[in-house]
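The values are calculated or read from the model by the stated rules, or taken from the named source; none is laboratory data. Quick caveat, the model's predicted, so the values are computed rather than measured. Virtual Cβ from ideal backbone geometry, glycine too; neighbours counted across all protein chains shown. Calculation scope for accessible area: heavy atoms of the full protein, side chains included, ligands and nucleic acids excluded. Shrake-Rupley method; radii C 1.70, N 1.55, O 1.52, S 1.80 Å.
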Amino acid sequence: MTAAEMVTAFKFGLDKFDSLNYPNFLPAEIDLLLNQAQDAFIKQRYGVTNIKKQSFEETQKRTEDIKNVVVRATITPAANASDNINSYSRFVTLPTDHWIIIQELTGLTCPNCHDVNVTDRVYTEAIQHNDYSKLISNPFGKPNHEKVLRLMENGRVELIPPSDCTITNYYLTYIKKPVRINSVSNPNVNCELSEHTHQEIVNNAISIALEGIEARRTQTFNPITKNTEE
């Protein structure tokens, strides 16, 4: 559906509940509800906090639901800088549309590994800043030829390899922030998610609107999280 078609479907669906007795939402307000529903739909499909307790790749439908917002990127790290946590870690700037990380691997070159030059993609472990000092001195927790540590901050990650290796690339698979539904400025632009999900998103937007109208504040998004259309 286009943004304009989703707004029409929203109005039609809302009208069915009470014969036009609900307030007349403005297009910009409907866009806001549709975007809230779209974001909640993606988060639900990605995680396991849903009625089926399944992540998005556990069934073909769930994979199809959000495949259009799953992106792969190969990113070259920046040179070591004064704000790096040590002399061999490297910062990587995340894509501007990055939203949720699905998988991350780090390319390493380790010249001293078994006396040959080794380049490989290794596991990348997310850690917290307050755990760094403990892990870097722990022989079982510190980075090695099979594991790189990763810290995250606003808009970038810091990769920490073993001291005898060099980072070549950061291989990231992520869910991007979907294109906003905007019937005011871009009425003919399609919703970015798979076509079969559009009516589900409209239905979720109607649920959010009805909840707001009826002021059931303690049940925010309850109709969405218990949605059986998965």
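This table checks each residue for (1) at pLDDT 90 or above; (2) open to solvent by less than 50 Å² (accessible area, probe 1.4 Å).
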{"site": "F17", "(1), (2)": "no, no"}
{"site": "L33", "(1), (2)": "yes, yes"}
{"site": "N50", "(1), (2)": "no, yes"}
{"site": "R62", "(1), (2)": "no, yes"}
{"site": "I66", "(1), (2)": "no, yes"}
{"site": "T96", "(1), (2)": "yes, no"}
| the range 162-196, residues that are open to solvent by less than 10 Å² (accessible area, probe 1.4 Å) and closer than 12 Å to V92 by Cβ | Y170, L172
| said: Here is a check on your reading of the model: is Y22 in contact with a helix residue (DSSP H, G or I) (Cβ under 8 Å, 6 or more places away or on another chain), surrounded by 17 or more Cβ atoms within 10 Å (Cβ to Cβ) and at pLDDT below 90? | reply: no
| field | First in the range 166-187 and free of Cβ contacts under 8 Å to residues at least 24 places away in the same chain, second anywhere and assigned to a loop (DSSP other than H, G, I, E, B) and acidic (D, E), Cβ under 6 Å, 6 or more apart | value | V179/E192
| said: Any residue in the range 126-152 that is at positive phi sitting within a Cβ distance under 6 Å of a residue that is of a type in the set (A, V, I, L, M)? List the pairs, counting only those 6 or more apart or interchain. | reply: none
| request: Tell me, yes or no, whether the range 197-212 has at least one residue that is among the polar types (S, T, N, Q), open to solvent by less than 20 Å² (accessible area, probe 1.4 Å), touching a helix residue (DSSP H, G or I) at 6+ places or on another chain (Cβ under 8 Å) and closer than 30 Å to A28 by Cα. | output: yes
| task | Looking only at the range 103-122, count how many residues are touching a Leu at 6+ places or on another chain (Cβ under 9 Å), modelled with pLDDT under 95 and open to solvent by 30 Å² or more (accessible area, probe 1.4 Å). | result | 5
